[in-house]
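Encoded as structure tokens, the structure appears first; notes follow it.
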Amino acid sequence: MAKVRVHNFSITLDGFATGLNQRLDAPFGDGMEGLHDWMFAAMEDGATGLDAERAARWNDNIGATIMGRNMFGPQRGPWEDESWTGWWGPNPPYHHDTFVHTHHLRPDLPMEGGTTFHFTDDPVEKVHQQALEAAAGQDIVVGGGPTTVQRYLRAGLIDELNLAIVPLLAGAGLRLFDNLGDTLAQYRITEHLSSPAVTHVQLTRR
């Protein structure tokens, strides 16, 4: 059965997934420098070990991706124009249908390599159903940012949450586990492994 997963989602030791003042030269905001250094190192040619193995799983059996507007780009409010096509250049790494939650719609954006961005203001339950259909039996990844992950957690739609806890202190921004009430009671910790760079934790829905 297809799963909805959050994978390789990096947070700081004090729980922040993004800092303040996200912008073009600071995609994750202030105080978040080095958040993904572990992943970049793990994806280098010839890299081995726990981090490399976890990083390599990011696209296993994935047929659709869901993300928020803030993950797609640093802009806020209405689109000044539609020249922005994401952080990833002309050939994004997804290679499948990718749904972007936003209050400011724009036409579907097909990219090289098979990625098509679909901009939607539908409820999470409807987008989840659309992503299931697009994935055609494969899993779905909810990529971020933290607000989008929280929405899918509260809706009970995430089956697995794979975290990478990085030894950094941000001090401010958006914490992944804020404002969730008793949502986390639905999950159990099924993996907890550390490398010299990061701690990998998996939460699985009961």
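Just so it is clear, none of the values below were taken in a lab; they were calculated from the coordinates. Everything numeric here is computed off the predicted structure, so don't read it as measured data. No Cβ is skipped: glycine too gets one built from the backbone with ideal geometry, and neighbour counts run over all protein chains shown.
Worth pointing out:
- Mean residue ellipticity (222 nm) of the chain, computed from DSSP H runs ≥ 4 via -39,500 (n - 2.57), nearest 500: -5000 deg cm²/dmol
- Farthest toward positive dipole pole in the chain [+1 Lys/Arg, -1 Asp/Glu at C-beta], among 84, 189, 73: 189
- Structure remark: mean-square fluctuation, Gaussian network model of the chain, C-alpha springs under 10 Å; the largest value among 59, 162, 179 belongs to 179.
- Which of 6, 22, 34, positive extreme of dipole for the chain (C-beta unit charges): 6
- Sorted fewest first by neighbouring Cβ atoms within 10 angstrom, 126, 3 come out as 126, 3.
- Neighbour-count order for 45, 108, 37, fewest beta carbons within 10 angstrom listed first: 45, 108, 37
- Theoretical FRET efficiency, 1/(1+(r/R0)^6), r = Cβ-Cβ of residue 83 and residue 120, R0 30 Å, to 0.05: 0.90
- Read-out Kirkwood radius over Cα pairs in Å, derived from the coordinates shown; its label in (1) 19.2; (2) 17.5; (3) 18.1: (2)
- Computed about its Cα centre, the charge dipole of the chain is approximately 640 debye, with only Lys, Arg, Asp and Glu carrying charge at their Cβ.
- If the chain linking residue 103 and residue 45 were pulled fully straight, counting 0.36 nm for each residue of separation and taking away their Cα-Cα distance, it would gain 16.9 nm.
- DSSP finds beta bridges in the chain, and of those with both partners inside it, around 45 percent are antiparallel.
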